[in-house]
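The structure appears right after this line, and notes come after that.
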Amino acid sequence: TNRTFTMIKPDAVENGHIGGILEKISSAGFKIVAMKYTQLSTRDAEAFYAVHSERPFFGELVEFMTRGPIVAAILEKDNAVEDFRALIGATNPAEAAEGTIRKLFATSIGENAVHGSDSDENAAIEGAFHFSGREIF
Ligand code: GTP
Ligand code: MG
């Protein structure tokens, strides 16, 4: 469908990249329909990344995602999920294409600046995790 969910992760917030990342998102034609500055609890992060709970980096991932504030947002555009994954680039910034958000702003495979939903179904689940209906415009 036409919506995806994103988070500007703690590394990018710490490094002063909120503005730069929002500029890339807007320039690429995404409309922000919901947005908040918030911090994940350990329980939130474990639930959000439950699909990775058996992976060796899970503890590190939860520590990282909870260590400081994030920006959570719902974005609207035709083909939103696929186009946003293209805009952010590969999980590992060393492998991300030139001009992508992760190439520009990420530090490492773990601290990779942004999240983007990987399917329409997950976009809806993840958006609802952070926003009520009256917070989406
Ligand atoms: P998200 O948009 O955040 O879901 O990233 P992704 O879809 O590109 O990657 P994936 O869902 O496979 O992994 C989720 C997150 O786990 C990544 O964005 C990283 O923050 C972290 N992660 C993935 N692989 C590694 C790894 O090998 N080491 C560490 N430390 N973290 C990893
Ligand atoms: Mg993912």
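Every number in this text was worked out from the coordinates using simple rules, so none of it is lab data. Computed from a predicted model, the values in this text were never measured in an experiment. No Cβ is skipped: glycine too gets one built from the backbone with ideal geometry, and neighbour counts run over all protein chains shown.
Couple of notes before you dig in:
- Along principal axes, Cα extents of the range 1-76, largest first, whole Å: 36, 31, 19
- Among PRO93, ALA28, ASN122 - extreme Cα towards positive end, dipole of the range 3-135, charges at beta-carbon: ALA28
- Once both labels are positioned 7 Å from their Cα atoms along Cα-to-Cβ, the gap between ILE136 and ASN15 label points is 3.1 nm.
- Fully extending the segment from GLU95 to THR107, taken as 0.36 nm per residue of separation minus the present Cα-Cα distance, adds 3.1 nm.
- The chain: relative contact order in percent, alpha carbon pairs under 8 Å with at least 6 residues between: 39
- Around the Cα centre of the range 3-135, unit charges on the Cβ atoms of Lys, Arg, Asp and Glu (plus for the first two, minus for the last two) sum to a dipole of about 340 debye.
- Available extension along the chain between ARG55 and GLU82 is 7.3 nm, counting 0.36 nm per residue and deducting the alpha carbon span.
- Here the translational diffusion coefficient of the chain follows from Stokes-Einstein with Rh set to the Kirkwood radius across Cα pairs; for 10 °C and 1.306 mPa s it amounts to 107 µm²/s.
- Computed [θ] at 222 nm, helices only, for the chain once each DSSP H run of length n ≥ 4 contributes -39500 (n - 2.57): -11000 deg cm²/dmol
- Remark: relative contact order (the range 15-92) = 44 percent; criterion is Cα-Cα distance under 8 angstrom and separation of 6 or more residues.
- Exposure proxy ranking, count of Cβ atoms within 10 Å, fewest first, for ASP78, ASP83: ASP78, ASP83
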